[in-house]
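I have placed the structure first, in the form of structure tokens, so that the comments after it can refer back to it.
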Number of protein chains: 2
Amino acid sequence: MGITKTDFFSEQQNQTANIFKALGHPARIAIVEYLLKAKSCICGDIVNELPLAQPTISQHLKELKNAGVIQGSIEGKTICYCLNPEIIYQLESIIGGMANEIRNQNSNCC
Amino acid sequence: MGITKTDFFSEQQNQTANIFKALGHPARIAIVEYLLKAKSCICGDIVNELPLAQPTISQHLKELKNAGVIQGSIEGKTICYCLNPEIIYQLESIIGGMANEIRNQNSNCC
DNA sequence: AACGTATATTGCAATATTACGATATGTTTG
DNA sequence: CAAACATATCGTAATATTGCAATATACGTT
């Protein structure tokens, strides 16, 4: 159907999936990488950096913001976007937890 | 259009996005969590664990496999699925790198 | 070989995503 | 206030994803 049965999964699972989903597009990875590289939180240069039209980028930024991956605050004429450390740390913890579980369970299956 | 302009992004960006995308669905998160919990690499119980029909789960497993997140090997009558440690470690490294960059750049913007 | 069990594939309907032109909104500057 | 700029929203077309019933495939057992 294309409709995701979110009701059947836990709040936690849905939220985790949402963060991953937000990062599941090369343009959005590129945006995140750019925000990391541009130490200070840079504003509208993203449109010039990516091979996508302005409305498209605006839409990607919106999705990243909805998922909590980035934050945006109005800074006069421009809007200042930057990463939300909380979410990145949260992701680090989720993946780190998975990796640790794998390291601990030295299964010799497969 | 719904078509992703993968050509315009780096191989690396596309591959990273693909892994995130594979994890960007609650059912697939649930599958990964189940594979982590069931220390030995369990086979067909996943269908009984999730509130989804068998073809749907088969499809999700296929997507996880395509992205390299899980591995499947035929084990007689059943098929044995388990996580691919490589990819999880790779993800750990990607996210860890991002988190470290954020920690190092103590920007006071936003 | 015939049956049961486990998983994959096909086909299709419903919905979501991606992309962008056109346009709206808001802000600074002249 | 008007012009210039930055960003968001709307509308729409193309494509992708999600979900499942039906069916196919593959293996082990009788």
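Of note:
- Test: residue in segment B:16-33 that is under 20 Å from residue A:105 (Cα atoms), within 14 Å of DNA strand C (Cβ to nearest atom) and either open to solvent by less than 20 Å² (accessible area, probe 1.4 Å) or small (Gly, Ala, Ser) (or both): yes
- Test: residue B:55 is open to solvent by 20 Å² or more (accessible area, probe 1.4 Å) and within 11 Å of DNA strand C (Cβ to nearest atom): yes
- Selection status of residue A:39, of a type in the set (Lys, Arg) and modelled with pLDDT under 90: yes
- Helices (runs of 4 or more DSSP H) wholly inside segment A:1-106 containing at least 3 residues that are more than 9 Å from chain B (Cβ to nearest Cβ) and under 23 Å from residue B:19 (Cα atoms): A:26-37, A:54-66, A:85-104
- Filter pass, residue A:64 being under 11 Å from the mean Cα position of the chain (by Cα), open to solvent by less than 40 Å² (accessible area, probe 1.4 Å) and touching a residue at least 24 places away in the same chain (Cβ under 8 Å): yes
- Flag if residue B:1 is more than 10 Å from DNA strand D (Cβ to nearest atom) and over 18 Å from the mean Cα position of the chain (by Cα): no
- One residue stands out among those in segment B:74-89 that are near DNA strand C (Cβ under 10 Å from one of its atoms) and under 27 Å from residue A:96 (Cβ atoms): the one that is least open to solvent (accessible area, probe 1.4 Å), which is B:80.
- Selection of segment A:10-33 for residues being more than 9 Å from DNA strand D (Cβ to nearest atom) and touching a Pro at 6+ places or on another chain (Cβ under 6 Å) yields A:13, A:14.
- Screening the candidates A:46, A:57, A:87 for the property of being within 12 Å of DNA strand D (Cβ to nearest atom), modelled with pLDDT of 90 or more and either out of contact with any Cys (no Cβ under 7 Å at 6 or more places or on another chain) or farther than 18 Å from residue B:12 by Cβ (or both) yields one hit, A:57.
The values are calculated or read from the model by the stated rules, or taken from the named source; none is laboratory data. Note that the structure is predicted; figures quoted are calculated from it, not measured. Cβ coordinates were reconstructed from backbone atoms using ideal geometry, including for glycine residues, and neighbour counts include every protein chain displayed. Keep in mind that these areas ignore ligands, DNA and RNA; they rest on the heavy atoms of the full protein, side chains included. Shrake-Rupley method; radii C 1.70, N 1.55, O 1.52, S 1.80 Å.
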